[in-house]
Amino acid sequence: MSDKRQSLDMTPPARRKGGLAILAVIVLVVAAAGYFLLRDGGSGIPPVGQTGPSGQMRQAVPDREAPAGQGALPSANGSRSGAEGPAAVSAGQAAGTGQAAPGGMMAGDSAGDSAGAGMEPDAVAVPPVSEDSVIGPDFIDDTARWLVEGYYPRGTYPTALNEGVVVRDVKMLNTHVGVGMPGIRWQGDDIRKAREAVLAYVLSPAMVRGLYDLYSGQFMTAVERHADGLMRERRGREVNLSAAEKKEMYAIYSRLIRGLAAIAENVLDMPDAGGRVQGCLQARRATLDANAAFAEALHTYQMLVEQNAPYAEVQQALKDKDAAGKAFQQAIVERERKIAALAAELRRPGVSRALDDEGAVYVAMWIARRLETGAGVEPALREAVDVLRDVAQEFERRSR
């Protein structure tokens, strides 16, 4: 990896030669979820609680008879159940998905409707929607912190010799969010099923848009706050980022997010993306199998040598080891060929190389898995691509 590289390093740990990367972005976006929540407060979107065009946030009034803070959280068994938590309304429900809001009211109901027959509309106090019942504000703050802490100005990291670098990537973000799920509310003991439930909760166009509108300003404010507090060591002492370094951080992330959006869109536009991804997965599995066969053949050969086995047995084991080694090398070559071919097609002419081959294919695999869950996922992912581009534009604006 070049020391000057300002791009996503998607190479697996065993193959890394240095450290650069992002998301979510997903995410900046929770794998898709966390990557899709951002917009500047001055973007022209009506403030939360005001009625806007279709797909934007609307007011939702919890049932006054329901206990405060009782929301429906994704559970590890895939169902939704009441849970203790902040008195919040689901962003997707408030966005008009037609799902029941935490208190039992339909999100599409107006304040007048919820008041009941014979009641004046203004008789019901309508609280502003301040947070989602599942994707909480702590998730936004944690994602912002995680991204900011991945930036190193020139001279503060081994690969940051001539300019600043980012040592984050979407695979790292996916792991960070998927393992700990910081700021995400869920129930149960099976985190794998909980992740599936959260993704199912998030991946609809209305939900993506609702989260986007709800947390737009909070995310950029959190990025600024964490950047103001970030310290890096120079000449033996910790110092804050300079104004120029903060602008550089925004510029790097702007390029990375824009590149991520382009790759994601190209995956969605590829007619046989699922088949191409399966080809890469099969090549990877074949490489693992070949590696295991080589390791076994090597062990057998070494054991025979140590035991002073008959010459003929040792020679046969040597031949088996060499053959297994060649098969392993061929499997690696085939795997890399398929990855490179798919990555080249995903980039297409004019598409940023913000992601290396491993990174582009990793995104393709993630999207392909999501698409297998249902037809309604693709519109949500396309909505997320649009949001990512807006986020990149906002980061670019702050880099000037």
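The values are calculated or read from the model by the stated rules, or taken from the named source; none is laboratory data. Remember, predicted model here, so these are calculated numbers, not experimental data. Every residue, glycine among them, receives a Cβ derived from its backbone with ideal geometry; neighbour counts consider all protein chains shown. These accessible areas exclude ligands, DNA and RNA; they are computed on the full protein's heavy atoms, side chains included. Shrake-Rupley method; radii C 1.70, N 1.55, O 1.52, S 1.80 Å.
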When segment 144-174 is checked residue by residue, the ones that are in a helix (DSSP H, G or I), open to solvent by less than 10 Å² (accessible area, probe 1.4 Å) and modelled with pLDDT under 95 are 170, 173
Which residue out of 283, 331, 343, 317 is in contact with a strand residue (DSSP E or B) (Cβ under 9 Å, 6 or more places away or on another chain), assigned to a helix (DSSP H, G or I) and crowded, with 18+ Cβ neighbours inside 10 Å?
343
Give me the pairs: first residue in segment 255-279 and of a type in the set (S, T, N, Q), second residue in a loop (DSSP other than H, G, I, E, B), beta-carbon distance under 7 Å, and six or more apart or on different chains, which are they?
266/348; 266/351
Hits in segment 290-311 - residues which are open to solvent by 60 Å² or more (accessible area, probe 1.4 Å), farther than 18 Å from residue 332 by Cα and assigned to a helix (DSSP H, G or I):
299, 300, 302, 303, 305, 306, 311
Counting just the residues of segment 193-209 that are touching a helix residue (DSSP H, G or I) at 6+ places or on another chain (Cβ under 9 Å) and farther than 17 Å from residue 367 by Cα, which one comes out least open to solvent (accessible area, probe 1.4 Å)?
207
Go through segment 370-398 and report how many residues are open to solvent by 30 Å² or more (accessible area, probe 1.4 Å) and either modelled with pLDDT of 90 or more or of a type in the set (A, V, I, L, M, F, W, C) (or both).
13
